[in-house]
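Here's the structure we're looking at; comments come further down.
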Amino acid sequence: MVGAFYNGISGIRTHQFGIDSTSNNIANVNTVGYRANLPEFKSLFATSMDYVNANSPISNDYNYGSTIGSNAINANDGTYVSAEGDFNVAYSGKGWFVVGLNKTGAFDIKAPVYNGTQQNYFTRDGSFSLDGEGYLVNSSGYYMYGINLGKIAADGTMTGTNNPQADYEGLAGSNLQPLQIPKNLTYKPTLTTEVGLSINLNRTQNPKGIGMIQDETGAFSMDKFLTQDLNALMNAKGELLDPKNYKDINISLERGGVTTKYTFTYGGAENGFKTVGELMNLIKEQTGLNLGLKLDSEGNPSDCSLYLSNGGMQDVKVSINGKLADKLGLKSSNNNLESAFGGVIKNFANNTAYQNQDYVKYNGMIFQKNGDGIANGNPLDNPDGWTLVDSSGVSIYQEGEAKKYEKDTLIVSEGKVYRKLTDAGNVAEIVNPITGETIIASPGEDPANWEEVANAVLGEVGEYVEGSTYPQDSIVSYNGILYRKTNGAGNTNPLEDTMGWSILSVASISSTQLQVPTYETNTEIYSDSGEKFILKTQYILVEQADRSVTPEVLERWEVRSSIYDSAGKVMISENPVINEMTFNDDGSANVEVFEVPFNGGSISVNLAQSADGKTSSNFAYADSDVKSVSQDGTEEGTMKDIVIDDNGIIMVNFTNGKIEPIGRFGLAAFVNDQGLSKVGGNLFQMNARTINGETAVVSGPPLLAWAEDGLAGLKFGKVLDHMLETSNADTGTALTDLIIYQRGYQMSAKSITTADQLMQEAIQLKRN
């Protein structure tokens, strides 16, 4: 009966503890981050009853009473609910937030302090906020310990690093400190020193007039235009001229009653050309015609068209065809091109007074007077008084017409002017000793019938020579355009002196308006004070690729970079920085990193790729576009809001568009969460105990909750922003357990009353 008393009393005490523990769980069912307890019981002690039957194969043990075995921590996650507040967070997974009492303290997860002075604790309560000093604290005023990247200065400003790799290396550390975030946190402006661009340049898009071909000062460059490959030019419709496929320009020139045909071929071995200048020179040398570009008083193309005009001394009739001529818009049929000298050349009259340098026309030839005087005989027979300046009006010798030439007829043969000495029908015949064929001797081989009177001369307007003095009415050619000197003699430039020179209005054939493929990028950059500027970069196609030659020719673009004001209107740079960009067969770009002067220093510009690794290309199937841009400067910004990602990293979003990590929530995990001890306020601490003579931390040492390389991501769970974890106590289970503990308590009490009644009965028996 004594055992029954003892067992009943221990049962009451044990179940009372179960009721107390369960009621505590129920009381904290709405406590944020609360970890429920799981009371467990055990027998108090046991004894062997060998005296019952020592030989029995059955154990005859007897237990005495019950006691508390443990009050374990429920390690399951609680329920997650939405919560307002910038720093309300929850953690899902294995681990604990780290908090502490000391705002100047630190906690190294890899080297924790276990002695009695420990002031660091662990909790699942993520209801953090900022205190008056801007420190992250919980509702009890404990400081949240986390990784502090140290970007925030004492004056409340933050300097961005633009170095994600360094940030993640810092976020992977183990030394935790309180985090302070000033309410008026501002982003300190930083000077742009590096710019990276990843672009695609499409050679078939964005045509602009050839005025885009400029020198280092930004003025149109005639020299560059003359060296421009026609394969890099477009017509007025924005179509590439494509002279590799549309090669030929055919010019038929009728002069002096004789028609001469010329063919000019892009890239050809004979009469071949590639650049605009080469085409101009060929046409000038072969035909005497001028192919030029009209410029205005400021040196810019008037309308971006080429003009084919007659630079010779006699009128000509021109027909032009060919595939490239069609592309250029130069196609023409029997177009009369008058000579610029038409108003100054007189028909020769014998016994007439002429002044020095007067021009006269005689039998298809042009002569210039040598000194003042009266003409005595024709100019051809008076070489001292006259100089032959043009014989293009003289007919070319035709062998088939040899017997028809009358006496005194003039012809041109093999670069010489000949005069017929005999009547029609008189020719010299030569027998070919090999074939026996009889042929008519050429004028040069037939002195009996022909007389050489002069060298053939193609008279033309002279090219303007810088600094030379020109008399009134002088005619010069400048950039293929004809000018007449007005307003007296002088040595001025026709392009610059619009009063002293005038463009001759002569008949001409104009081409299409020429354009060049371009593109333009505008990148925002910042001074050290945060003022915004624009780095404007223009791309002009100079040459298309040619893989058929050795070494192969790469597609080539001229790149012009300069600094403009924030509106992109006023150029701040003294002159553009000019570079070249080429592309390989696979579309990859070749361009050196170059410097653009800015803010007393310079910006390093990389057009081959941006900081994110994206590279530039020249794919014709994609639009010209900026694929990616990077630059390390920023304007000033103020804190707009705070974002906390799944890894507990605190990101500050600024009004200047920058998002910078400043630190992360401190999280530690343990091998044995049951080894942590509650200290109130939803806080837990580590315990060092001596067990079997050895002192150790019951929970095991804290473990770093994030990886130490890569992106420093959490290993055991994730952080939920604007969420809170409620109690993990299960109310249904708790109420059930409460009933069970109540029944156990009542039954233990009944065993005591039963034992008491039996004891009274026994005592009564003795008395009787």
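Restricting the stretch 446-471 to residues that are modelled with pLDDT under 90 and not in a loop (DSSP other than H, G, I, E, B), which is most open to solvent (accessible area, probe 1.4 Å)? Looking at the filtered set, the residue picked out is Glu463.
Going by what's in this entry, would Tyr91 be described as closer than 20 Å to Ile642 by Cα and surrounded by 13 or more Cβ atoms within 10 Å (Cβ to Cβ)? Here the answer is yes, as Tyr91 does meet what is asked. Inside the stretch 680-708, residues that are farther than 20 Å from Ala111 by Cβ and in contact with a Phe, Trp or Tyr (Cβ under 9 Å, 6 or more places away or on another chain) make up a count of 3. You will find that of Gly100, Gly141, the residue that is free of Cβ contacts under 8 Å to residues at least 12 places away in the same chain and open to solvent by less than 70 Å² (accessible area, probe 1.4 Å) is Gly141 and no other. Where the second residue is in a helix (DSSP H, G or I) and among the acidic types (Asp, Glu) and the first is touching a residue at least 40 places away in the same chain (Cβ under 8 Å) and lies in the stretch 229-247, which pairs have Cβ atoms under 8 Å and are six or more apart or on separate chains? Partner pairs satisfying both residue conditions: Tyr246/Asp326. Taking the conditions (1) over 43 Å from the mean Cα position of the chain (by Cα); (2) open to solvent by 20 Å² or more (accessible area, probe 1.4 Å); (3) over 23 Å from Leu185 (Cβ atoms); (4) modelled with pLDDT of 90 or more in turn, Phe122 satisfies each one other than (2).
What is the residue count in the stretch 58-107 for residues that are assigned to a loop (DSSP other than H, G, I, E, B) and of a type outside the set (Asp, Glu)? Total meeting the criteria: 19. Only a single criterion out of (1) over 26 Å from Ser66 (Cβ atoms); (2) modelled with pLDDT under 85; (3) of a type outside the set (Ser, Thr, Tyr); (4) not in a helix (DSSP H, G or I) is not satisfied by Arg689, namely (1). A search for C-beta distances below 9 Å between a residue of the stretch 163-181 that is assigned to a strand (DSSP E or B) and any residue that is open to solvent by 20 Å² or more (accessible area, probe 1.4 Å) and of a type in the set (Val, Ile, Thr), counting only pairs 6+ apart in sequence or on different chains, returns Gln177/Thr104; Pro178/Thr104; Gln180/Ile152. Counting only strands (runs of 3 or more DSSP E) that sit completely within the stretch 371-445, those holding 3 or more residues that are without any contact (Cβ under 8 Å) to a residue 40 or more places away in the chain correspond to 416-420, 429-431. Just to be sure I understand the filter: pairs with C-beta atoms under 6 Å, separated by 6 or more residues or on different chains, first member in the stretch 197-216 and under 18 Å from Asn579 (Cα atoms), second member in a helix (DSSP H, G or I). Which pairs pass? Pairs that qualify, where the first residue is under 18 Å from Asn579 (Cα atoms) and the partner is in a helix (DSSP H, G or I), are Ile213/Lys224; Ile213/Phe225. Only one of (1) among the charged types (D, E, K, R); (2) in contact with a Phe, Trp or Tyr (Cβ under 6 Å, 6 or more places away or on another chain); (3) modelled with pLDDT of 95 or more fails for Glu635. Which number is that? Here Glu635 clears every test but (3).
When Tyr187 is tested against (1) in contact with an Asp or Glu (Cβ under 9 Å, 6 or more places away or on another chain); (2) surrounded by 23 or more Cβ atoms within 10 Å (Cβ to Cβ); (3) more than 30 Å from Asn656 (Cβ to Cβ), just one condition goes unmet, and that condition is (3). Strands (runs of 3 or more DSSP E) fully within the stretch 202-306 that include at least 3 residues being open to solvent by 60 Å² or more (accessible area, probe 1.4 Å): 258-266. Taken over the stretch 373-390, the criterion of being farther than 17 Å from Gly415 by Cα and open to solvent by less than 20 Å² (accessible area, probe 1.4 Å) is satisfied by Ala375, Pro379, Gly385, Trp386. Among residues of the stretch 673-699 that are under 18 Å from Asp77 (Cα atoms), those with a beta-carbon under 9 Å from a residue that is part of a strand (DSSP E or B) and open to solvent by 70 Å² or more (accessible area, probe 1.4 Å) at least six positions away or on a different chain give the pairs Gly675/Arg689; Phe684/Lys678.
Checked across the stretch 38-54, the condition of being open to solvent by less than 60 Å² (accessible area, probe 1.4 Å), within 28 Å of Leu703 (Cα to Cα), within 60 Å of the chain's Cα centre (by Cα) and at pLDDT 75 or above holds for no residue. Which condition breaks for Pro551 when tested against (1) of a type outside the set (Ser, Thr, Tyr); (2) under 30 Å from Thr634 (Cα atoms); (3) out of contact with any strand residue (DSSP E or B) (no Cβ under 7 Å at 6 or more places or on another chain)? Only one criterion is unmet by Pro551, namely (2). Kindly indicate the residue of the stretch 697-742 that is of a type in the set (Ser, Thr, Tyr) and open to solvent by less than 60 Å² (accessible area, probe 1.4 Å) and also farthest from Ile649 (Cα to Cα) among those meeting that condition. Once the filter is applied, the top-ranked residue is Tyr741. The residues of the stretch 615-670 that are closer than 30 Å to Val98 by Cα and of a type in the set (Asp, Glu), listed by number, are Asp641, Asp645, Asp646, Glu660. Given the conditions (1) over 60 Å from the mean Cα position of the chain (by Cα); (2) at pLDDT 85 or above; (3) under 30 Å from Thr79 (Cα atoms), which single one is not true for Phe17? Every listed condition holds for Phe17 apart from (2). For the criterion of being under 44 Å from the mean Cα position of the chain (by Cα), within 30 Å of Asp612 (Cβ to Cβ) and loosely packed, with under 15 Cβ neighbours inside 10 Å, Asn148 fails. Taking residues in the stretch 459-472 that are on the phi < 0 side of the Ramachandran plot, and partners anywhere that are charged (D, E, K, R) and surrounded by 12 or more Cβ atoms within 10 Å (Cβ to Cβ), the pairs with Cβ atoms closer than 7 Å and at least 6 places apart or on different chains are Gly459/Asp390; Tyr470/Lys485; Pro471/Lys485; Gln472/Lys485.
Screening the stretch 568-583 for residues that are touching a residue at least 12 places away in the same chain (Cβ under 8 Å) and not in a strand (DSSP E or B) and picking the one that is surrounded by the fewest Cβ atoms within 10 Å (Cβ to Cβ) gives Glu574. Among the residues of the stretch 480-489, is any open to solvent by 80 Å² or more (accessible area, probe 1.4 Å), among the β-branched types (Val, Ile, Thr) and not in a strand (DSSP E or B)? Within the stretch 480-489 (the criterion being open to solvent by 80 Å² or more (accessible area, probe 1.4 Å), among the β-branched types (Val, Ile, Thr) and not in a strand (DSSP E or B)), the answer is no, since none of the residues qualifies. Among the residues of the stretch 256-281, those identified as under 43 Å from the mean Cα position of the chain (by Cα) and small (Gly, Ala, Ser) are Gly267, Gly268, Ala269, Gly272, Gly277.
Scanning the stretch 391-426 for residues that are modelled with pLDDT of 90 or more, open to solvent by 40 Å² or more (accessible area, probe 1.4 Å) and aliphatic (A, V, I, L, M) yields Leu421, Ala424.
Only residues that are within 25 Å of Glu463 (Cα to Cα) and assigned to a strand (DSSP E or B) were counted in the stretch 320-360, giving 8.
Pick from Gly364, Gly329, Gly342: which is under 60 Å from the mean Cα position of the chain (by Cα), in contact (Cβ under 8 Å) with a residue 24 or more places away in the chain and farther than 30 Å from Leu230 by Cα? Residue meeting the stated conditions: Gly342.
The values are calculated or read from the model by the stated rules, or taken from the named source; none is laboratory data. These figures come from a predicted structure and were not determined experimentally. Note that we place each Cβ from the backbone using ideal geometry, even for glycine, and neighbour counts take in every protein chain shown. Accessible surface is based on the protein model in full, side chains and every heavy atom, while ligands, DNA and RNA are left aside. Shrake-Rupley method; radii C 1.70, N 1.55, O 1.52, S 1.80 Å.
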